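The values are calculated or read from the model by the stated rules, or taken from the named source; none is laboratory data. All values reported here derive from a predicted model rather than from experimental measurement. Note that each Cβ is placed from the backbone with ideal geometry, even for glycine, and that neighbours are counted across all protein chains shown.
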Amino acid sequence: MRAPVRAPARPDGTLCALVLRGPPSVPAAPAATGGEPRLAVLRDRPYALLTFLNALLLLRLPLLGGIFLAASAATKPAVRWARKARAQAEATGAATELGGAR
């Protein structure tokens, strides 16, 4: 006979309080020297290009996914058949299972 399964003990809140207390204070960074440009990170062009492309794809990926899905669905035989049947039904004025009379 197996031992009964017990629910895990409820935390008393101490761990949660430590986690939610916040990050430790960090001293301020020293001021930039006079000879260093403000956007020195852009000197690393491969990194800047990759970062830009990543941001662009993250912002536009839902749109691209919808376009690819629509393009893929438009080329499927079942979709072409449904469009053809609907056009024939509308031309003859008959109600079909594809959407009824409109």
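Name the residues in the stretch 45-102 that are aliphatic (A, V, I, L, M), touching a helix residue (DSSP H, G or I) at 6+ places or on another chain (Cβ under 9 Å), surrounded by 10 or more Cβ atoms within 10 Å (Cβ to Cβ) and at pLDDT below 85, would you?
Selection gives LEU64, ALA73, ALA74, VAL79, ALA95, LEU98.
I'm checking my understanding of the structure. Among residues of the stretch 28-44 that are surrounded by 10 or more Cβ atoms within 10 Å (Cβ to Cβ) and in a loop (DSSP other than H, G, I, E, B), which one is modelled with the lowest pLDDT?
That would be ALA32.
Only residues in the stretch 71-83 that are among the aliphatic types (A, V, I, L, M) count as the first member; pair them with residues that are surrounded by 10 or more Cβ atoms within 10 Å (Cβ to Cβ) and outside any helix (DSSP H, G or I), Cβ under 8 angstrom, at least 6 apart or cross-chain, and list the lot.
As it stands, the answer is ALA82/LEU98, since those pairs meet every condition given.
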